[in-house]
Amino acid sequence: MSKSYVKGITLVLIEILVNVQGNLNTLIVLSFQGQTQAAVQQADYLWIMFYPCLYFFAIWDAYRDVGGDQHAYMFLPFAMTAFITTIGVAYSSLPIFGVVIGPIFLPILSSFIGLAIGFGIRKILIKRERNP
């Protein structure tokens with residue numbers, strides 16, 4: 001069996017474990033139904049804080065496997081998104097401007113910030129290499 005299959009199966013099994021233990025499917029349903037407080041109460045933050053890192057590692061790994069590692073510093077957008085999204089999970093139960101966004105939507109919104117920061121840092125590093 002190929003290493004990619006073993007890695008893929010392992011990542012899927014870990015994702016299922018984190019999903020079930022963190023109660024993610026229930027959180028998604030509650031969030032889309034507008035029951036943010038119920039989603040916050042149902043969330044197992046010790047598990048769902050691990051999810052963004054796992055998710056973005058899997059995306060980066062797949063991107064790398066198809067040749068994405070040929071671009072300098074391309075890991076940065078993925079790493080920063082995992083980091084910022086995890087912060088989004090940690091703060092998802094707290095009100096922002098008086099509104100609790102919740103454990104699903106705040107991390108999703110945070111991912112755009114993580115991507116912007118990651119691509120920004122990448123751009124700066126590439127520019128520095130070209131013009132030392």
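The numbers here are math on the coordinates, done by the rules we state, and not lab data. Remember, predicted model here, so these are calculated numbers, not experimental data. All Cβ positions, glycine included, derive from the backbone under ideal geometry; neighbour counts span all protein chains shown.
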query = Angle, helix 3-22 long axis vs. longest principal axis of the chain, Cα atoms, 0 to 90°, nearest 10?
reply = 30
ask   = Relative to the Cα centre, what is the charge dipole magnitude of region 3-130, using +1 at the beta carbon of each Lys and Arg, -1 at the beta carbon of each Asp and Glu, and rounding to the nearest 20 debye?
value = 500
key: 3J(HN,Hα) from dihedral phi, region 79-89, Karplus parametrisation 6.51/-1.76/1.60, rounded to Hz, x for glycine, proline   = 5, 5, 5, 4, 5, 5, 5, 5, 4, x, 5
note = Per the rule of 0.36 nm per residue minus the C-alpha distance, extending GLN33 to LYS123 adds in nm 28.5 nm
key: Burial order of peptide ranges 15-21, 99-105, 45-51 (average beta-carbon count within 10 Å, highest first)   = 99-105, 45-51, 15-21
request  = List, in order, the whole-Hz ³J(HN,Hα) value for each residue of region 98-110 obtained from phi through the Karplus relation with A = 6.51, B = -1.76, C = 1.60 and θ = phi - 60°; use x for Gly and Pro.
outcome  = x, 10, 8, 7, x, x, 9, 6, 5, x, 4, 5, 5
request  = Go through region 115-121 residue by residue and turn each phi into a ³J(HN,Hα) via Karplus (6.51, -1.76, 1.60, θ = phi - 60°); whole Hz please, and just put x for glycine and proline.
outcome  = 4, 4, 5, x, 5, x, 4
request  = Using only the alpha carbon atoms of region 3-130, find the Kirkwood hydrodynamic radius as the inverse mean reciprocal pair distance, in angstroms to one decimal.
outcome  = 15.6
ask   = In nm, to one decimal, how far is the modelled label at MET74 from the one at VAL99, with both set 7 Å along Cα→Cβ?
value = 3.6
